[in-house]
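Scroll down for the structure; my scribbles are underneath it.
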Amino acid sequence: MDAKTGVGVRVGRFRRAFGVTRAELAEAVGRNADWLKAVESGHRRLDRYAMVHALAEALGVAPADLLGLPCGREDGVTAPAHRALAALRPAVLRTGLPPAPGAPGAREAPAGPGASSAAVERLRGRLGTVTRLRAAGRLADLAAGLTLLLDDLTAVSAAPGADPDALLPALFVEALHETAMLAKRLGATDLAAVAANEARSRVAAVADPVAEAAVQWLRAEVCLAAGAVPEAAALVDAGLTTTAELLGRSGPQAWSVWGTLHLVGAVVEAQGGRQAESARHLAEAAAAVAHAAPGGLDRTGFGTGEWAVHSLHAALELGEDVGALERVHGVDTTGLPADRQARHGIDRARAHTRAGHWDQAAHELLAADRRAPQVVRSHPLVRELVGTAPRLEAAAGRLGFAL
(Lines give C-alpha, C1' and ligand atoms only; values in the text may rest on other atoms or scores of the structure.)
Protein backbone atom coordinates (compact mmCIF):
# COMPACT_ATOMS: atom_id res chain seq x y z
CA MET A 1 0.00 0.00 0.00
CA ASP A 2 1.20 3.48 -0.81
CA ALA A 3 1.96 5.28 2.45
CA LYS A 4 0.50 8.44 0.92
CA THR A 5 -2.95 7.03 1.59
CA GLY A 6 -2.37 5.85 5.16
CA VAL A 7 -4.14 7.11 8.28
CA GLY A 8 -0.94 8.55 9.70
CA VAL A 9 -0.23 10.56 6.57
CA ARG A 10 -3.71 12.07 6.75
CA VAL A 11 -3.05 13.00 10.37
CA GLY A 12 0.07 14.87 9.28
CA ARG A 13 -1.72 16.65 6.46
CA PHE A 14 -4.48 17.95 8.75
CA ARG A 15 -2.00 18.88 11.48
CA ARG A 16 0.08 20.98 9.13
CA ALA A 17 -2.97 22.54 7.48
CA PHE A 18 -4.32 23.63 10.86
CA GLY A 19 -0.98 24.96 12.10
CA VAL A 20 -0.71 22.46 14.97
CA THR A 21 2.78 21.40 16.00
CA ARG A 22 3.70 17.77 16.33
CA ALA A 23 4.41 18.25 20.03
CA GLU A 24 1.01 19.88 20.62
CA LEU A 25 -0.95 17.13 18.90
CA ALA A 26 1.05 14.37 20.55
CA GLU A 27 0.46 15.87 23.98
CA ALA A 28 -3.27 16.13 23.29
CA VAL A 29 -3.51 12.36 22.85
CA GLY A 30 -1.07 11.39 25.59
CA ARG A 31 1.86 10.50 23.36
CA ASN A 32 5.21 12.08 22.48
CA ALA A 33 6.43 13.76 19.31
CA ASP A 34 8.59 10.79 18.27
CA TRP A 35 5.53 8.51 18.37
CA LEU A 36 3.57 10.93 16.23
CA LYS A 37 6.44 11.28 13.78
CA ALA A 38 6.46 7.51 13.30
CA VAL A 39 2.68 7.56 12.80
CA GLU A 40 2.79 10.35 10.23
CA SER A 41 5.58 8.69 8.28
CA GLY A 42 3.64 5.42 8.06
CA HIS A 43 6.16 3.48 10.16
CA ARG A 44 3.70 2.97 13.02
CA ARG A 45 0.20 1.76 12.31
CA LEU A 46 -2.99 3.21 13.74
CA ASP A 47 -5.22 0.15 14.03
CA ARG A 48 -7.18 1.20 17.12
CA TYR A 49 -10.34 3.17 16.61
CA ALA A 50 -9.86 4.68 20.07
CA MET A 51 -6.64 6.40 18.98
CA VAL A 52 -8.05 7.42 15.59
CA HIS A 53 -10.99 9.03 17.39
CA ALA A 54 -8.67 10.76 19.87
CA LEU A 55 -6.55 12.24 17.09
CA ALA A 56 -9.65 13.29 15.16
CA GLU A 57 -11.05 15.05 18.21
CA ALA A 58 -7.76 16.81 18.87
CA LEU A 59 -7.58 17.98 15.26
CA GLY A 60 -11.26 18.92 15.04
CA VAL A 61 -12.06 16.58 12.17
CA ALA A 62 -14.27 13.53 11.76
CA PRO A 63 -12.74 10.07 12.29
CA ALA A 64 -13.81 9.28 8.73
CA ASP A 65 -11.46 12.02 7.49
CA LEU A 66 -8.50 10.18 9.01
CA LEU A 67 -9.69 6.71 8.03
CA GLY A 68 -10.23 7.77 4.42
CA LEU A 69 -13.86 6.71 4.46
CA PRO A 70 -15.55 5.59 2.40
CA CYS A 71 -12.75 3.35 1.20
CA GLY A 72 -12.67 0.66 -1.44
CA ARG A 73 -14.50 2.76 -4.00
CA GLU A 74 -11.83 2.03 -6.60
CA ASP A 75 -11.59 -1.67 -5.81
CA GLY A 76 -13.19 -3.75 -8.52
CA VAL A 77 -14.95 -6.00 -6.03
CA THR A 78 -16.22 -3.34 -3.64
CA ALA A 79 -16.94 -0.45 -6.04
CA PRO A 80 -20.42 -1.80 -7.01
CA ALA A 81 -21.52 -1.57 -3.38
CA HIS A 82 -20.46 2.07 -3.16
CA ARG A 83 -22.18 2.88 -6.45
CA ALA A 84 -25.37 1.24 -5.21
CA LEU A 85 -25.45 3.68 -2.28
CA ALA A 86 -26.17 6.47 -4.78
CA ALA A 87 -29.65 5.04 -5.32
CA LEU A 88 -30.17 3.93 -1.71
CA ARG A 89 -29.59 7.40 -0.29
CA PRO A 90 -32.61 9.08 -1.98
CA ALA A 91 -34.73 5.99 -1.24
CA VAL A 92 -34.12 6.59 2.48
CA LEU A 93 -34.99 10.28 2.09
CA ARG A 94 -38.20 9.36 0.24
CA THR A 95 -39.50 7.24 3.14
CA GLY A 96 -41.11 10.25 4.78
CA LEU A 97 -42.68 11.57 1.59
CA PRO A 98 -45.84 10.55 -0.27
CA PRO A 99 -44.92 8.64 -3.42
CA ALA A 100 -45.23 10.61 -6.62
CA PRO A 101 -47.28 9.13 -9.50
CA GLY A 102 -45.15 6.60 -11.30
CA ALA A 103 -42.53 6.67 -8.54
CA PRO A 104 -40.50 3.56 -7.70
CA GLY A 105 -42.47 1.10 -5.63
CA ALA A 106 -45.80 1.52 -7.41
CA ARG A 107 -45.77 -2.14 -8.44
CA GLU A 108 -46.34 -3.19 -4.81
CA ALA A 109 -49.17 -0.75 -4.12
CA PRO A 110 -52.45 -2.54 -3.29
CA ALA A 111 -54.78 -2.86 -6.27
CA GLY A 112 -58.01 -3.96 -4.61
CA PRO A 113 -59.67 -5.61 -1.59
CA GLY A 114 -57.28 -7.96 0.15
CA ALA A 115 -54.37 -6.82 -2.00
CA SER A 116 -52.78 -4.91 0.90
CA SER A 117 -52.27 -7.99 3.06
CA ALA A 118 -50.76 -9.86 0.11
CA ALA A 119 -48.42 -6.97 -0.64
CA VAL A 120 -47.26 -6.80 2.97
CA GLU A 121 -46.56 -10.53 3.00
CA ARG A 122 -44.46 -10.19 -0.15
CA LEU A 123 -42.56 -7.35 1.46
CA ARG A 124 -41.90 -9.44 4.53
CA GLY A 125 -40.45 -12.17 2.33
CA ARG A 126 -38.21 -9.66 0.59
CA LEU A 127 -36.97 -8.40 3.95
CA GLY A 128 -35.84 -11.94 4.66
CA THR A 129 -33.98 -11.94 1.35
CA VAL A 130 -32.06 -8.75 2.12
CA THR A 131 -31.20 -10.11 5.57
CA ARG A 132 -29.65 -13.16 3.93
CA LEU A 133 -27.70 -10.92 1.55
CA ARG A 134 -26.28 -9.03 4.53
CA ALA A 135 -25.30 -12.26 6.25
CA ALA A 136 -23.51 -13.39 3.09
CA GLY A 137 -21.60 -10.09 2.86
CA ARG A 138 -23.07 -9.32 -0.57
CA LEU A 139 -23.14 -5.58 0.03
CA ALA A 140 -23.88 -4.41 -3.51
CA ASP A 141 -26.85 -6.74 -3.85
CA LEU A 142 -27.97 -5.75 -0.37
CA ALA A 143 -27.93 -2.03 -1.26
CA ALA A 144 -29.92 -2.66 -4.43
CA GLY A 145 -32.43 -4.82 -2.60
CA LEU A 146 -32.91 -2.29 0.17
CA THR A 147 -33.47 0.51 -2.34
CA LEU A 148 -36.36 -1.35 -3.96
CA LEU A 149 -37.71 -2.56 -0.62
CA LEU A 150 -37.82 0.91 0.93
CA ASP A 151 -39.56 2.36 -2.12
CA ASP A 152 -42.14 -0.41 -2.09
CA LEU A 153 -42.72 -0.04 1.64
CA THR A 154 -43.30 3.67 1.07
CA ALA A 155 -45.79 2.98 -1.73
CA VAL A 156 -47.75 0.33 0.15
CA SER A 157 -47.91 2.34 3.36
CA ALA A 158 -49.39 5.31 1.45
CA ALA A 159 -52.12 3.25 -0.23
CA PRO A 160 -55.73 3.46 1.09
CA GLY A 161 -56.49 0.80 3.67
CA ALA A 162 -52.88 -0.33 3.82
CA ASP A 163 -51.55 -2.69 6.46
CA PRO A 164 -54.65 -3.94 8.21
CA ASP A 165 -52.45 -6.09 10.47
CA ALA A 166 -50.06 -3.27 11.47
CA LEU A 167 -47.05 -5.11 10.05
CA LEU A 168 -45.71 -2.28 7.91
CA PRO A 169 -44.18 -0.19 10.73
CA ALA A 170 -42.18 -3.20 11.92
CA LEU A 171 -41.01 -3.98 8.37
CA PHE A 172 -40.03 -0.35 7.87
CA VAL A 173 -37.98 -0.32 11.09
CA GLU A 174 -36.18 -3.54 10.21
CA ALA A 175 -35.42 -2.38 6.65
CA LEU A 176 -34.08 0.93 7.98
CA HIS A 177 -32.00 -0.98 10.54
CA GLU A 178 -30.40 -3.01 7.74
CA THR A 179 -29.85 0.20 5.76
CA ALA A 180 -28.13 1.97 8.64
CA MET A 181 -25.80 -0.95 9.32
CA LEU A 182 -24.93 -1.28 5.62
CA ALA A 183 -24.19 2.43 5.31
CA LYS A 184 -22.05 2.30 8.45
CA ARG A 185 -20.10 -0.63 7.08
CA LEU A 186 -19.40 1.22 3.84
CA GLY A 187 -18.27 4.33 5.70
CA ALA A 188 -21.33 6.45 4.86
CA THR A 189 -22.01 7.47 8.46
CA ASP A 190 -24.23 10.38 7.38
CA LEU A 191 -26.61 8.01 5.59
CA ALA A 192 -26.41 5.59 8.52
CA ALA A 193 -27.48 8.37 10.89
CA VAL A 194 -30.40 9.39 8.67
CA ALA A 195 -31.64 5.79 8.43
CA ALA A 196 -31.23 5.21 12.17
CA ASN A 197 -33.13 8.37 13.02
CA GLU A 198 -35.90 7.44 10.60
CA ALA A 199 -36.12 4.04 12.31
CA ARG A 200 -36.38 5.82 15.64
CA SER A 201 -39.25 7.99 14.38
CA ARG A 202 -41.18 4.93 13.20
CA VAL A 203 -40.56 2.47 16.03
CA ALA A 204 -43.25 3.98 18.28
CA ALA A 205 -45.88 2.75 15.81
CA VAL A 206 -44.61 -0.81 16.32
CA ALA A 207 -45.69 -0.71 19.98
CA ASP A 208 -42.92 -3.14 20.95
CA PRO A 209 -40.48 -2.14 23.72
CA VAL A 210 -37.94 -4.71 22.51
CA ALA A 211 -37.94 -3.09 19.07
CA GLU A 212 -37.45 0.30 20.72
CA ALA A 213 -34.43 -1.03 22.61
CA ALA A 214 -33.05 -2.50 19.39
CA VAL A 215 -33.20 0.96 17.80
CA GLN A 216 -31.16 2.29 20.74
CA TRP A 217 -28.56 -0.36 19.96
CA LEU A 218 -28.61 0.66 16.29
CA ARG A 219 -28.13 4.34 17.10
CA ALA A 220 -25.30 3.47 19.51
CA GLU A 221 -23.52 1.58 16.71
CA VAL A 222 -23.85 4.58 14.39
CA CYS A 223 -22.59 6.98 17.07
CA LEU A 224 -19.61 4.72 17.73
CA ALA A 225 -18.75 4.68 14.02
CA ALA A 226 -18.88 8.48 13.98
CA GLY A 227 -16.56 8.74 16.98
CA ALA A 228 -19.35 9.98 19.27
CA VAL A 229 -18.38 7.62 22.10
CA PRO A 230 -20.16 9.39 25.03
CA GLU A 231 -23.36 9.50 22.99
CA ALA A 232 -23.01 5.81 22.17
CA ALA A 233 -22.56 5.02 25.86
CA ALA A 234 -25.70 6.99 26.75
CA LEU A 235 -27.73 5.12 24.13
CA VAL A 236 -26.47 1.76 25.40
CA ASP A 237 -27.48 2.69 28.94
CA ALA A 238 -30.92 3.84 27.77
CA GLY A 239 -31.43 0.62 25.85
CA LEU A 240 -30.39 -1.51 28.81
CA THR A 241 -32.78 0.36 31.08
CA THR A 242 -35.66 -0.30 28.66
CA THR A 243 -34.76 -3.95 28.14
CA ALA A 244 -34.14 -4.77 31.80
CA GLU A 245 -37.85 -4.34 32.49
CA LEU A 246 -38.69 -6.94 29.84
CA LEU A 247 -36.35 -9.77 30.79
CA GLY A 248 -38.22 -12.88 31.78
CA ARG A 249 -41.53 -11.77 30.32
CA SER A 250 -40.87 -10.92 26.67
CA GLY A 251 -39.24 -14.11 25.46
CA PRO A 252 -35.73 -14.77 24.14
CA GLN A 253 -35.75 -11.74 21.85
CA ALA A 254 -35.47 -9.40 24.84
CA TRP A 255 -32.46 -11.35 26.08
CA SER A 256 -30.86 -11.15 22.63
CA VAL A 257 -31.24 -7.37 22.52
CA TRP A 258 -30.06 -7.11 26.15
CA GLY A 259 -26.97 -9.18 25.37
CA THR A 260 -26.25 -7.27 22.17
CA LEU A 261 -26.46 -3.95 24.00
CA HIS A 262 -23.91 -5.25 26.49
CA LEU A 263 -21.61 -6.32 23.64
CA VAL A 264 -21.77 -2.86 22.11
CA GLY A 265 -21.23 -1.42 25.58
CA ALA A 266 -18.09 -3.53 25.96
CA VAL A 267 -16.62 -1.97 22.81
CA VAL A 268 -17.69 1.53 23.87
CA GLU A 269 -15.97 1.17 27.24
CA ALA A 270 -12.89 -0.36 25.61
CA GLN A 271 -12.56 2.63 23.31
CA GLY A 272 -12.62 4.79 26.41
CA GLY A 273 -9.84 2.69 27.98
CA ARG A 274 -12.12 1.42 30.77
CA GLN A 275 -11.10 -2.22 31.03
CA ALA A 276 -13.14 -3.17 34.11
CA GLU A 277 -16.35 -1.69 32.69
CA SER A 278 -15.77 -3.43 29.36
CA ALA A 279 -15.25 -6.76 31.12
CA ARG A 280 -18.47 -6.25 33.10
CA HIS A 281 -20.45 -5.80 29.89
CA LEU A 282 -18.89 -8.93 28.39
CA ALA A 283 -19.77 -10.94 31.50
CA GLU A 284 -23.38 -9.77 31.36
CA ALA A 285 -23.55 -10.70 27.68
CA ALA A 286 -22.10 -14.14 28.34
CA ALA A 287 -24.72 -14.76 31.01
CA ALA A 288 -27.50 -13.72 28.60
CA VAL A 289 -26.56 -16.33 25.98
CA ALA A 290 -28.37 -19.12 27.82
CA HIS A 291 -31.64 -17.16 27.71
CA ALA A 292 -31.44 -15.91 24.11
CA ALA A 293 -32.84 -17.50 20.97
CA PRO A 294 -30.93 -20.71 20.12
CA GLY A 295 -28.24 -20.07 17.57
CA GLY A 296 -28.99 -16.37 17.38
CA LEU A 297 -32.14 -16.92 15.33
CA ASP A 298 -33.15 -13.27 15.27
CA ARG A 299 -32.07 -9.89 13.94
CA THR A 300 -29.22 -9.52 16.44
CA GLY A 301 -27.49 -12.82 15.66
CA PHE A 302 -26.66 -12.86 19.37
CA GLY A 303 -24.89 -15.91 20.76
CA THR A 304 -21.48 -17.21 21.79
CA GLY A 305 -20.08 -16.45 18.34
CA GLU A 306 -21.06 -12.78 18.57
CA TRP A 307 -19.68 -12.69 22.10
CA ALA A 308 -16.32 -13.87 20.72
CA VAL A 309 -16.37 -11.26 17.93
CA HIS A 310 -16.98 -8.39 20.35
CA SER A 311 -14.68 -9.76 23.05
CA LEU A 312 -11.70 -9.83 20.70
CA HIS A 313 -12.57 -6.43 19.27
CA ALA A 314 -12.80 -4.89 22.74
CA ALA A 315 -9.47 -6.42 23.74
CA LEU A 316 -7.77 -4.95 20.68
CA GLU A 317 -9.24 -1.53 21.41
CA LEU A 318 -7.77 -1.81 24.91
CA GLY A 319 -4.34 -2.23 23.30
CA GLU A 320 -3.84 -5.99 23.63
CA ASP A 321 -2.04 -7.95 20.93
CA VAL A 322 -1.99 -11.63 20.02
CA GLY A 323 -2.70 -12.54 23.65
CA ALA A 324 -6.24 -11.30 23.06
CA LEU A 325 -6.86 -14.41 20.98
CA GLU A 326 -6.71 -16.45 24.18
CA ARG A 327 -9.95 -14.78 25.25
CA VAL A 328 -11.84 -16.50 22.45
CA HIS A 329 -9.77 -19.68 22.19
CA GLY A 330 -12.05 -22.66 21.76
CA VAL A 331 -15.14 -20.63 20.96
CA ASP A 332 -16.78 -21.99 17.82
CA THR A 333 -17.44 -19.15 15.38
CA THR A 334 -18.08 -21.33 12.33
CA GLY A 335 -21.82 -20.89 12.75
CA LEU A 336 -21.59 -17.13 12.28
CA PRO A 337 -22.71 -15.64 8.96
CA ALA A 338 -19.99 -15.01 6.41
CA ASP A 339 -19.96 -11.27 7.03
CA ARG A 340 -19.38 -11.71 10.77
CA GLN A 341 -16.70 -14.37 10.23
CA ALA A 342 -14.92 -11.96 7.89
CA ARG A 343 -15.01 -9.14 10.45
CA HIS A 344 -13.69 -11.51 13.11
CA GLY A 345 -10.93 -12.60 10.75
CA ILE A 346 -9.86 -8.98 10.27
CA ASP A 347 -9.52 -8.58 14.04
CA ARG A 348 -7.57 -11.82 14.27
CA ALA A 349 -5.21 -10.42 11.62
CA ARG A 350 -4.87 -7.22 13.68
CA ALA A 351 -3.82 -9.28 16.69
CA HIS A 352 -1.23 -11.26 14.72
CA THR A 353 0.16 -8.16 13.04
CA ARG A 354 0.79 -6.49 16.40
CA ALA A 355 2.89 -9.50 17.39
CA GLY A 356 4.75 -9.60 14.07
CA HIS A 357 3.14 -12.87 13.03
CA TRP A 358 3.00 -11.92 9.36
CA ASP A 359 2.15 -15.34 7.92
CA GLN A 360 -0.72 -15.83 10.36
CA ALA A 361 -2.00 -12.32 9.68
CA ALA A 362 -1.91 -12.91 5.93
CA HIS A 363 -3.72 -16.23 6.38
CA GLU A 364 -6.52 -14.56 8.37
CA LEU A 365 -6.92 -11.76 5.81
CA LEU A 366 -7.03 -14.13 2.86
CA ALA A 367 -9.54 -16.40 4.62
CA ALA A 368 -11.73 -13.41 5.46
CA ASP A 369 -11.54 -12.20 1.85
CA ARG A 370 -12.69 -15.57 0.56
CA ARG A 371 -15.70 -15.47 2.88
CA ALA A 372 -16.88 -11.91 2.22
CA PRO A 373 -14.61 -9.89 -0.07
CA GLN A 374 -16.81 -6.78 -0.15
CA VAL A 375 -16.74 -6.66 3.65
CA VAL A 376 -12.95 -6.98 3.82
CA ARG A 377 -12.12 -4.53 1.04
CA SER A 378 -14.34 -1.79 2.43
CA HIS A 379 -12.77 -2.03 5.89
CA PRO A 380 -10.34 0.85 6.56
CA LEU A 381 -8.18 -1.02 9.05
CA VAL A 382 -7.36 -3.73 6.51
CA ARG A 383 -5.67 -1.14 4.35
CA GLU A 384 -3.94 0.35 7.35
CA LEU A 385 -2.59 -3.08 8.33
CA VAL A 386 -1.25 -3.82 4.88
CA GLY A 387 0.11 -0.33 4.37
CA THR A 388 2.18 -0.27 7.53
CA ALA A 389 3.42 -3.86 7.45
CA PRO A 390 5.77 -4.48 4.51
CA ARG A 391 5.68 -8.21 5.18
CA LEU A 392 1.99 -8.16 4.26
CA GLU A 393 2.63 -6.70 0.80
CA ALA A 394 2.46 -10.16 -0.72
CA ALA A 395 -0.91 -10.70 0.92
CA ALA A 396 -2.13 -7.41 -0.52
CA GLY A 397 -1.11 -8.56 -3.96
CA ARG A 398 -2.93 -11.84 -3.57
CA LEU A 399 -6.02 -10.00 -2.34
CA GLY A 400 -5.95 -7.91 -5.49
CA PHE A 401 -6.61 -4.66 -3.68
CA ALA A 402 -6.63 -1.48 -5.74
CA LEU A 403 -4.29 0.27 -3.30
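Among the protein heavy atoms, those of residue 89 account for about 80 Å² of accessible surface (1.4 Å probe, every chain in place).
Helix-derived [θ] at 222 nm for the chain: sum -39500 (n - 2.57) over DSSP H runs of at least 4, divide by residue count, nearest 500? Please list the in-between numbers first.
Working: 20 runs with 264 residues, N = 403.
My calculation for the chain gives -21000 deg cm²/dmol from helical runs alone.
Among the protein heavy atoms of the chain, carbon and sulfur supply 53% of the accessible surface, probe 1.4 Å, non-protein parts ignored. The trypsin sites (Lys or Arg not before Pro) of segment 238-306 meeting both criteria, a DSSP state outside H, G, I, E and B (loop) and at most 13 other C-beta atoms within 10 angstrom of the site's C-beta, are 249. A full extension of the chain between residue 117 and residue 158 corresponds to an added length of 13.4 nm, given 0.36 nm per residue minus the alpha carbon distance.
Each label point was placed 7 Å from the Cα along the Cα-to-Cβ direction; for residue 74 and residue 124 their separation is 4.7 nm. Across segment 131-140, coupling constants 3J(HN,Hα) worked out from phi with the 6.51/-1.76/1.60 Karplus curve, θ = phi - 60°, read 5, 5, 5, 4, 4, 7, x, 8, 5, 5 Hz, and Gly and Pro carry x. Largest GNM mean-square fluctuation across 40, 269, 74, computed for the chain with C-alpha springs under 10 Å, falls on 74. Note on residue 194: accessible area is roughly 60 Å² with a 1.4 Å probe, heavy atoms of protein only. Thinking of the chain as a set of Cα atoms, what percent of all their pairs are more than 38 Å apart? Percent of Cα pairs beyond 38 Å in the chain: 20.
Surface exposure of the chain, expressed per residue as accessible area with a 1.4 Å probe, stands at 41 Å².
Assuming a viscosity of 0.692 mPa s and a temperature of 37 °C, what translational diffusion coefficient in µm² per second does Stokes-Einstein assign to segment 176-286, Rh being the Kirkwood radius over Cα pairs? Approximately 236 µm²/s, per Stokes-Einstein. Going toward the positive end of the dipole of segment 17-100, with +1 on Lys and Arg Cβ and -1 on Asp and Glu Cβ, which of 54, 68, 43 do you reach last? Comparing the listed Cα positions along the dipole, 68 ranks first.
First obtain the Kirkwood hydrodynamic radius of segment 224-290 from its Cα pairs, then insert it into the Stokes-Einstein equation at 25 °C and 0.890 mPa s, and state the resulting D in µm² per second as a whole number.
Numbers: Rh = 12.0 Å.
Estimated diffusion coefficient is 205 µm²/s.
Note that segment 196-207 has calculated 3J(HN,Hα) couplings of 5, 5, 5, 4, 4, 5, 9, 5, 4, 6, 6, 6 Hz, one per residue in order, obtained from phi through the Karplus relation 6.51 cos²θ - 1.76 cosθ + 1.60 (θ = phi - 60°); glycine and proline are x.
Between residue 276 and residue 87, the simple spin-label model (points 7 angstrom out along Cα→Cβ) gives 5.3 nm.
The values are calculated or read from the model by the stated rules, or taken from the named source; none is laboratory data. Values in this document were obtained by computation on a predicted structure and should not be read as measured data. Counting neighbours? That spans all protein chains shown, and the Cβs are built from the backbone with ideal geometry, glycine included. The protein model used for the area step is the full one, side chains on, heavy atoms only, and it has no ligands, DNA or RNA in it. Shrake-Rupley method; radii C 1.70, N 1.55, O 1.52, S 1.80 Å.
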